[in-house]
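S.K.: Have a look at this one.
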Amino acid sequence: MELKNKVAVVTGVSKGIGHALCKQLLAKGMRVFGLGRTVAADMDDEQFHFIACDVQSSESVKLAFEHIYKQVDEVHVLVNNAGLGYFGYLENVPEEEWHQMFNTNIHGMFYCLKEVLPQMKKSQYGHIINIASTAALEGMAMVSAYCATKWAVKGLSESLFREVRDFRIKVTCVYPGSTKTDFFRNSPGIQPHDYMLMPEDVALMMVQALETPDNFHTVNLEIRPLQPKGPKK
Ligand SMILES: NC(=O)c1ccc[n+]([C@@H]2O[C@H](COP(=O)([O-])OP(=O)(O)OC[C@H]3O[C@@H](n4cnc5c(N)ncnc54)[C@H](OP(=O)(O)O)[C@@H]3O)[C@@H](O)[C@H]2O)c1
């Protein structure tokens, strides 16, 4: 897709991967609608439109897309990025954290997809990117609740890809390994460090996937740091 002058919606734009991605999409000449609860002070590009939205709420997502479709006829790109993780032994995971993860990581994705799919199908064009995690590819002790949400993202993405390919809509699922963002704030055992992936690099892979020719489709993007613990001593 030629990105210049196309319209993207990205969820979770205040920091981390979503923030880095918005910057890169704007640099490509896209008009970007950022859905989130908060926004960074440096998002001052006139082609960037922040819409306050908590993706956990279907009503909030509905209102955000009503606002978007008042301004544009078509959304060409949707990136479902908003997400969070809590960690620990499953029996110790508070119900509130369990629901917050599912509500954000998978229900929020569903609400956004429902808003764009009818229009993308009508336009016979679009690219959806869902951010999963390498936690969607393997089970991990103390990560069972978060893994469960991301395995759901994987299942949804692989199925949706087959559902909409004949409408010329691409669905790419991204599986990043540990990335140096604020994501680990709820994980006291892990401090972000420079051997993790950088959010800008994860964003770049997504931009490259978006820029591929119309009949070329990156179904899955598994991205890992080569030496997550640093060079072998
Ligand atoms: N960092 C990693 O190692 C890693 C690895 C694999 C996958 N991922 C996934 O990558 C995605 C981005 O994470 P990140 O690493 O960039 O983490 P981050 O720095 O914590 O950023 C998460 C973003 O999601 C937003 N968000 C959270 N809950 C939201 C809600 N209910 N409604 C709207 N926005 C919400 C946050 O906004 P607020 O500031 O308003 O909370 C923030 O902008 C997530 O889906 C995460 O699961 C991360």
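S.K.: If one puts a single equal scatterer on every Cα of segment 60-148 and applies the Debye formula without solvent, what log₁₀ I(q)/I(0) results at q = 0.12, 0.16, 0.24, 0.26 Å⁻¹?
M.R.: Computed log10 I(q)/I(0) values: -0.46, -0.71, -1.15, -1.28.
S.K.: Related question: Could you tell me how far the Cα centroid of segment 16-55 sits from the Cα centroid of segment 100-124, in Å?
M.R.: 18 Å
S.K.: Tell me the mean residue ellipticity at 222 nm calculated for the chain from its helices only (DSSP H runs of n ≥ 4, each -39500 (n - 2.57), averaged over every residue, nearest 500).
M.R.: After summing the helix terms and dividing by the residues of the chain, the value is -11500 deg cm²/dmol.
S.K.: Eigenvalues of the Cα gyration tensor times 5, then square-rooted: what semi-axes does that give for the chain, in whole angstrom, largest first?
M.R.: 27, 20, 18
S.K.: In segment 143-233, which chymotrypsin sites (Phe, Trp or Tyr not before Pro) are in a loop and have at most 10 other Cβ atoms within 10 Å, using DSSP for the loop call?
M.R.: In loop regions of segment 143-233 (DSSP not H, G, I, E or B), the sparsely surrounded chymotrypsin sites (Phe, Trp or Tyr not before Pro) are Phe216.
S.K.: To make sure I understand the rule: partners must be aspartates and glutamates, Cα under 15 Å from the Cα of Lys122, and not fewer than 8 residues away in the same chain. Which ones qualify?
M.R.: Output for Lys122: Asp73, Glu74, Glu163, Asp166.
S.K.: Which net charge results when you count Lys and Arg as +1 and Asp and Glu as -1 among the other residues whose beta-carbon is under 12 Å from that of Ile106?
M.R.: Combined, the nearby Lys, Arg, Asp and Glu give +2.
Throughout, read-outs are computed from the coordinates displayed, never taken from laboratory work. As the structure is a computational prediction, the values presented were derived from the model and not from experiment. Note: ideal-geometry Cβ built from the backbone for every residue, glycine included; neighbour counts use all protein chains shown.
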